[in-house]
Amino acid sequence: MDKVDIRSFTYEKLCGLMADMGEKRYRADQVFEWLHKRKETSFDNMTNLPKKLRDEICAAYDIYTVSPVKILSSGLDGTRKYLHMLKDGNVIETVLLRYDYGNSVCISSQVGCRMGCRFCASTIDGLERNLTAGEMAGQIYSVEADINERVGHVVVMGSGEPLDNYDSFTDFIDIITDGRGAGIGGRNITVSTCGIAPNIRRLADRGYAITLALSLHAADDDLRRQIMPIANSYSLKEVTDACRYYFDTTGRRITLEYSLIEGVNDRMEDISGLIRIAKELGGHVNLIPVNPIDERDYRSTGAKAVSAIKNKLEKNRINVTIRREMGRDIQGACGQLRRGFIRENVSGETDA
């Protein structure tokens with residue numbers, strides 16, 4: 001992958017590239033449309049470009065492909081999980097979630113993850129590399145090609161920490177919301193972060209209309225440090241102050257994600273802390289019964305206890321939902337499918 005991924009160029013960057021190549025600005029419109037509206041992956045097929053220009057672009061740039069090598073379909077709810085192969089042989093996961101309001105795709109932002117959250121399979125092998133903006137967009141385009149339907153909602157909650165790949169992530173947002181291409185509305189995009197406070201503030205200053213979801217998972221610093229190593233770098237106060245800045249700057253309500261782990265963070269004192277933070281931020285709480293993974297002995301909080309926690313939050317006038325469990329029969333937790341593929345193809349192990 002010596003050549004730069006041209007699908008990662010925002011429209012403005014493409015305009016600059018065309019100017020540098022001595023071309024008119026409308027050539028940038030044509031290339032952008034080929035890449036992000038027609039989702040073309042071959043320069044040869046961009047037939048309204050002069051062959052000389054196509055050859056010049058091809059000599060210096062590439063289109064990093066995202067190709068499905070395995071697709072699992074849930075018999076429970078129609079969820080589809082994709083194992084995508086990248087141009088360099090790395091694999092990532094993407095998930096299609098079908099809702100009454102339309103198709104939503106959960107994309108990865110990195111190959112692996114270095115955040116180290118104890119309940120997440122994505123981080124077990126660490127970070128391999130960042131994805132390009134084009135590879136993030138390519139996951140959406142691959143799913144659309146598979147189902148022959150439009151994707152109208154995107155959640156950046158797959159493998160990786162988006163704000164640890166800040167520049168590529170923000171280029172992706174600029175690309176995917178551009179009306180000259182996919183034109184997905186910012187209000188239909190959610191990004192999840194474990195709490196890189198400085199980049200939350202940087203993101204706020206860009207003025208996007210996207211929803212910020214904070215992976216909270218613990219309401220005090222000591223417990224958060226035990227299950228989320230990022231808490232060693234940024235305290236809860238630093239993170240919640242940054243979230244408050246995001247809300248004040250963008251007007252977009254914060255979502256607080258809280259994975260419920262039996263006996264770890266589901267005690268009443270834990271929930272009292274969650275209530276305090278939710279009230280401070282005016283945020284929506286999304287309770288997530290943790291999805292068990294083979295490498296950890298964490299268990300999900302029982303349904304009765306989850307319901308009691310939801311009721312306690314609602315009595316405190318906090319808007320709360322319980323995340324619908326989707327795709328559990330197809331290795332729904334982030335990182336499970338990828339790890340199984342790596343075990344089978346690299347070490348020769350199988351899940352049998």
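The values are calculated or read from the model by the stated rules, or taken from the named source; none is laboratory data. This one's a predicted model, so the numbers in the text were calculated from it and none came from an experiment. Note: ideal-geometry Cβ built from the backbone for every residue, glycine included; neighbour counts use all protein chains shown.
A few notes on this one:
- Candidate set: the stretch 192-206, residues that are among the hydrophobic types (A, V, I, L, M, F, W, C) and in a helix (DSSP H, G or I); chosen: the one nearest to residue 115 (Cα to Cα): 197
- Here the stretch 121-148 is the region considered, the condition is being at pLDDT below 95 and crowded, with 24+ Cβ neighbours inside 10 Å, and the residue that is farthest from residue 92 (Cα to Cα) is 121.
- Taken over the stretch 165-196, the criterion of being under 16 Å from residue 122 (Cβ atoms) and out of contact with any helix residue (DSSP H, G or I) (no Cβ under 8 Å at 6 or more places or on another chain) is satisfied by 165 alone.
- When each of 317, 323, 276 is tested for being closer than 22 Å to residue 211 by Cα, modelled with pLDDT under 95 and surrounded by fewer than 18 Cβ atoms within 10 Å (Cβ to Cβ), the lone residue that passes is 323.
- Test for residue 160: is it in a loop (DSSP other than H, G, I, E, B), over 26 Å from residue 70 (Cβ atoms), within 17 Å of the chain's Cα centre (by Cα) and in the same structural domain as residue 290 (by TED's automatic domain parsing): no
- Contacts under 7 angstrom Cβ, first residue in the stretch 189-214 being assigned by TED's automatic domain parsing to the domain that holds residue 244 and touching a residue at least 12 places away in the same chain (Cβ under 8 Å), partner of a type in the set (Asp, Glu) and assigned to a helix (DSSP H, G or I), 6 or more apart: 196/164; 197/238
- Of the residues 53, 72, 49, the single one that is assigned to a strand (DSSP E or B), farther than 21 Å from residue 176 by Cβ and either in contact (Cβ under 8 Å) with a residue 60 or more places away in the chain or in contact with a helix residue (DSSP H, G or I) (Cβ under 9 Å, 6 or more places away or on another chain) (or both) is 72.
- Of the residues screened, residue 125 is not one that is free of Cβ contacts under 8 Å to residues at least 60 places away in the same chain and either within 12 Å of the chain's Cα centre (by Cα) or more than 20 Å from residue 189 (Cα to Cα) (or both).
- The residues of the stretch 224-233 that are closer than 13 Å to residue 264 by Cα, in contact (Cβ under 8 Å) with a residue 40 or more places away in the chain and crowded, with 19+ Cβ neighbours inside 10 Å, listed by number, are 227, 228.
- Top-ranked residue of the stretch 206-222 - restricted to ones that are more than 17 Å from the chain's Cα centre (by Cα) and not basic (Lys, Arg), ranked as nearest to residue 183 (Cα to Cα): 207
- Extreme residue, farthest from the chain's Cα centre (by Cα), among residues of the stretch 91-111 that are outside any strand (DSSP E or B) and either of a type in the set (Val, Ile, Thr) or surrounded by fewer than 24 Cβ atoms within 10 Å (Cβ to Cβ) (or both): 100
- Subset of the stretch 75-90 [modelled with pLDDT of 95 or more, touching a strand residue (DSSP E or B) at 6+ places or on another chain (Cβ under 7 Å) and either part of a loop (DSSP other than H, G, I, E, B) or among the hydrophobic types (A, V, I, L, M, F, W, C) (or both)]: 83, 85, 86, 90
- Extreme residue, nearest to residue 52 (Cα to Cα), among residues of the stretch 1-28 that are in a loop (DSSP other than H, G, I, E, B) and among the charged types (D, E, K, R): 23
- Of all the numbered requirements in (1) over 15 Å from the mean Cα position of the chain (by Cα); (2) in a loop (DSSP other than H, G, I, E, B); (3) over 20 Å from residue 85 (Cβ atoms), residue 114 misses one, and that requirement is (1).
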